Amino acid sequence: MKILALSGSLRAASINSAVLRAVKQLAPASIEVRLFSGLGNLPLYNPDLENAPPAVARQLRNEVAAADALLIASPEYAHGVTGTIKNALDWLVAFEGFVDKPVAVLNATPRAHHADTALRETLVTMSATLIETASITLPLPSANISETDMLAAPEIVSLLSGVLTKIQRTVKLLPDMKPFLGSSVYIDSQHPAIVAQAAKLAEGAAAEEEIAKRCFEFVRDEIKHSWDYRLNPVTCKAFEVLIHGTGYCCAKSHLLAALLRANAIPAGLCYQRLTLDGDQPPFCLHGLNAVYLPQHGWYRIDARGNKPGVNAEFCPPLEKLAFPIVNPLEQDLPGIHAEPLPTVVKALTEYQTVEQVYHNLPDVAATEQ
Ligand SMILES: Cc1cc2nc3c(=O)[nH]c(=O)nc-3n(C[C@H](O)[C@H](O)[C@H](O)COP(=O)(O)O)c2cc1C
């Protein structure tokens, strides 16, 4: 796997460049890290040169196209990104080879947050795939630290090695997992409120499984099931569920998928067809999630909310759903969906109150799947 590293500082003693050199030294044999040294030679971007770019811009574009992922470390200048990195990105804005490129961003100055936020915004606008789990702020002890000092600090070595592992994992997963990592109308994982909550839940977590468990428990325990608590408004989009603190099972599954995706953990939607009461029709759809865990593969979880007789847990590889199928009329519907079923969206957007939704719960025969 090839990672192209870009430093947004031209300073000889730059800590951002030192961080990238340290990453290069830590890379295992399966990862080649290449530092692009020509950013200082790039002329200022001029759209008139788009079709006949200068040699150094062509070289940058070629190296970006050849890389499986980019790793950017760049300082903050006057609460903004440096001209060096912005100019480099401007040369890539209209370049097709940049679209969907996995990119991780390192912040070497913990007190500086404006540039980090702005850089992420620019990258997402340019259609990069931001690798959130590998995009971290490094707790460097001083502004004059060299890569030798970094490589002698176990905490920094562990963080940077983790960055490499997470980039590698994302690059391997992306082709199959792309639909399960993306933001959409109802799984709006890039909504600022979702991004903030996802980051809060991930704080200090050592591994993805821990983050997934925290996201699951947050949605299961902190978001009230709309019918259990008779709570309006009816919610459907993940951010609505988060802001109002309530949702039906399907809506809660949208929020859980969004929080997981915002943490770069692949997540999908699953459905069961359950009887509403006892062992006879009518049926309704019950929404839950599947999360992709590195150790276990796809693993189903149900954050609808526990209550007497309902006890869903996150305990992979053991599956502990809210409603294990015991009635022969009920079914686990096949498939893991990247987006909600249209009938679910219809029920959660057309009715005004939770009572109306309850009397018009979505259903779908297994063959209509
Ligand atoms: C022109 C200039 C402006 C700066 N503005 C900020 C700033 O707004 N916020 C901040 O936290 N640091 C600011 N700094 C400090 C740098 O971010 C810090 O020195 C960083 O280590 C530089 O990165 P480098 O070592 O990779 O060159 C500024 C430094 C320079 C040279």
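Contact annotation: residue pairs with Cβ atoms under 7 Å, 6 or more positions apart or on different chains, pairing a residue in the stretch 72-90 that is acidic (Asp, Glu) with a partner that is more than 7 Å from the ligand (Cβ to nearest atom) and not in a loop (DSSP other than H, G, I, E, B), are Glu76/Ala115. The single condition among (1) within 13 Å of the ligand (Cβ to nearest atom); (2) touching a residue at least 24 places away in the same chain (Cβ under 8 Å); (3) hydrophobic (A, V, I, L, M, F, W, C) that Met1 does not meet is (1). Applying a threshold of 9 Å to beta carbon distances and a minimum spacing of six or more residues, or different chains, the list of pairs starting in the stretch 326-345 at a residue that is touching a residue at least 24 places away in the same chain (Cβ under 8 Å) and ending at one that is basic (Lys, Arg) and not in a helix (DSSP H, G or I) reads Leu329/Arg273; Glu330/Arg273; Gln331/Arg273; Asp332/Arg273; Asp332/Arg300; Leu333/Arg273; Ile336/Arg300. When Val19, Val33 are checked against the criterion of being assigned to a helix (DSSP H, G or I) and closer than 29 Å to Asn144 by Cβ, a single residue qualifies: Val19.
For the stretch 313-324, a tally of residues being touching a residue at least 40 places away in the same chain (Cβ under 8 Å) and either in a strand (DSSP E or B) or under 16 Å from Val364 (Cβ atoms) (or both) returns 1.
Within the stretch 149-169, none of the residues are crowded, with 16+ Cβ neighbours inside 10 Å, assigned to a helix (DSSP H, G or I), of a type in the set (S, T, N, Q) and at pLDDT below 90. Note on the stretch 139-148: residues that are surrounded by 15 or more Cβ atoms within 10 Å (Cβ to Cβ) and either assigned to a helix (DSSP H, G or I) or modelled with pLDDT of 95 or more (or both) total 1. For Ala290, are the conditions met, namely being assigned by TED's automatic domain parsing to the domain that holds Ala196, surrounded by 24 or more Cβ atoms within 10 Å (Cβ to Cβ) and aliphatic (A, V, I, L, M)? In short, no. Taking residues in the stretch 116-144 that are over 24 Å from Pro266 (Cα atoms), and partners anywhere that are in a loop (DSSP other than H, G, I, E, B) and modelled with pLDDT of 85 or more, the pairs with Cβ atoms closer than 7 Å and at least 6 places apart or on different chains are Leu138/Ala108; Pro139/Pro110; Leu140/Ala108.
Total residues in the stretch 11-48 satisfying the condition of being within 16 Å of the ligand (Cβ to nearest atom) and more than 31 Å from the chain's Cα centre (by Cα): the figure is 4. Summed over the stretch 60-100, the residues that are charged (D, E, K, R) and within 16 Å of the ligand (Cβ to nearest atom) give a count of 2. Scanning the stretch 107-130 for residues that are surrounded by 14 or more Cβ atoms within 10 Å (Cβ to Cβ), more than 16 Å from the ligand (Cβ to nearest atom) and either outside the structural domain of Gly80 (by TED's automatic domain parsing) or not in a helix (DSSP H, G or I) (or both) yields Met126, Ala128, Thr129, Leu130.
The values are calculated or read from the model by the stated rules, or taken from the named source; none is laboratory data. If you're wondering where the values come from, they're calculated on a predicted model, not measured in any experiment. All Cβ positions, glycine included, derive from the backbone under ideal geometry; neighbour counts span all protein chains shown.
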